[in-house]
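Novice: Have a look at this one before I ask anything.
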Amino acid sequence: MRSEHDPTAPSSDPVLAFYDQLAAQYHLIYGDWRGRAVPHQGAVLDAVLRAALGPGPFAVLDCACGIGTQAIGLALLGHRVHATDLSPRAVARAAQEAASFGVALTVGVADFRSLIDDVPGSFDVVLAADNAVAHLLTDDDLGRAARSMRAKLRSGGVLILGIRDYDQLVRERPRVTPPVVMESAEGRRIVFQVWDWAADGRSYRLELFILTREGERWATRSYTSHLRALPRSDLERALRSAGFRELRWHEPGETQQHQPLITARTP
């Protein structure tokens, strides 16, 4: 077995470095990113926002777009999407993937703590999925992000955040996710995560492993980040302090999304 780390991005920001390093391989964490994950997540989020706002289509800011999983899915359903992310490599790939799907969306590099300065205009919907807000390790950063997202929403607009169920995870403190074996045109791969919890249970070090079969050998790539085990009450408090109202949790059994979603509205 050969082990390697991808080249480190030239950044002192560990979150930016994590996603820059992962951008080229991000689709490998899904069994079928193009054929299944993108359309499924688009449909899930489309149902949530249409239930909140009506038939649409809507102007959507995906401010943690990654390689475009949710942004492209929503654009395929007719929404006008502006996709931003902290990682330039992820944003570049999102633009390339959108073109390959034949959808029009705009992209930009932006930190969701400073959308007021980095993104012009206002939107019906602001979205940050796939546990992105768990990278905000302090209450100060969480509050900045909430206010930043609030500033980009029109009156009556909707915020949608996706996050792991940390209320449950803190009680269990799992050390590893079950390894998932996947097959695709790119070959066989195994994906899993190892979690090292802080003593107080308020944060953890995540190491994502992607093992790919190369002939008779396995190549192992790993990507590391630190995340906050963000309780629902802390997230709700930050959103209310930023001026959001009508907070509502949407559980995976209701939405068929892999993580809980919280929606909130602007007055």
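Novice: For region 71-129, just the Cα atoms, rotate onto the principal axes and tell me the three extents in Å, largest first.
Specialist: 30, 26, 19
Novice: Okay, next question. For the chain, what is the relative contact order in percent, using Cα pairs closer than 8 Å and at least 6 residues apart in sequence?
Specialist: Rounded, it is 18 percent for the chain.
Novice: In addition: How many nm is it between the label spots at A104 and E236, if each spot is 7 Å from the Cα in line with the beta carbon?
Specialist: 4.2 nm
Novice: Using only Cα positions of region 28-95, each an equal point scatterer, no hydration layer, compute I(q)/I(0) via Debye at q = 0.12, 0.16 Å⁻¹ and quote the log10 values to two decimals.
Specialist: -0.29, -0.51
Novice: Another question, then. Work out the charge dipole of the chain with +1 on the Cβ of Lys and Arg and -1 on the Cβ of Asp and Glu about the Cα centre, then indicate which of A75, G102, G215 is farthest towards its positive end.
Specialist: A75
Novice: How much accessible area does T224 have with a 1.4 Å probe, in Å² rounded to the nearest 10?
Specialist: 50 Å²
Novice: Next question. How many angstrom separate the Cα center of region 58-84 from the Cα center of region 187-241?
Specialist: That distance is 24 Å.
Novice: By DSSP, what percent of the beta bridges with both residues in region 111-194 are antiparallel, rounded to the nearest 5?
Specialist: 55 percent
Novice: Summing -39500 (n - 2.57) over the DSSP H runs of n ≥ 4 in the chain and dividing by its residue number, what mean residue ellipticity at 222 nm do you reach, to the nearest 500 deg cm²/dmol?
Specialist: -9000 deg cm²/dmol
Novice: Still on this structure, please answer the following. Just going by the charge dipole of region 25-163, with Lys and Arg at +1 and Asp and Glu at -1 on Cβ, which of S155, L28, G66 is farthest out on the positive end?
Specialist: The residue sitting most towards the positive pole is S155.
Novice: For helix 232-241, report the angle its Cα long axis makes with the longest principal axis of the Cα atoms of the chain; keep it between 0 and 90° and round to the nearest 10°.
Specialist: 40 degrees
Novice: Roughly what would the spin-label model give for V170 and S203, points 7 Å off Cα along C-beta, in nm?
Specialist: 1.5 nm
Novice: If you count only protein heavy atoms with a 1.4 Å probe, what accessible area per residue comes out for region 31-166, rounded to a whole Å²?
Specialist: Per residue, region 31-166 has an accessible area of 35 Å².
Novice: Tell me the carbon and sulfur percent of the accessible area for the chain, rounded to whole percent, probe radius 1.4 Å.
Specialist: The C+S portion of the solvent-accessible surface of the chain is 53 percent.
Novice: Oh, and also: Against the longest alpha carbon principal axis of the chain, how many degrees, from 0 to 90 and to the nearest 10, is the axis of helix 38-53 turned?
Specialist: 20 degrees
Novice: Give me the dipole magnitude in Debye, nearest 20, for region 211-267 about the Cα centre, with unit charges on the beta carbon: positive for Lys and Arg, negative for Asp and Glu.
Specialist: That gives a dipole near 220 debye.
The values are calculated or read from the model by the stated rules, or taken from the named source; none is laboratory data. As the structure is a computational prediction, the values presented were derived from the model and not from experiment. Glycine gets a Cβ as well: all are built from the backbone with ideal geometry, and neighbour counts include every protein chain shown. These accessible areas exclude ligands, DNA and RNA; they are computed on the full protein's heavy atoms, side chains included. Shrake-Rupley method; radii C 1.70, N 1.55, O 1.52, S 1.80 Å.
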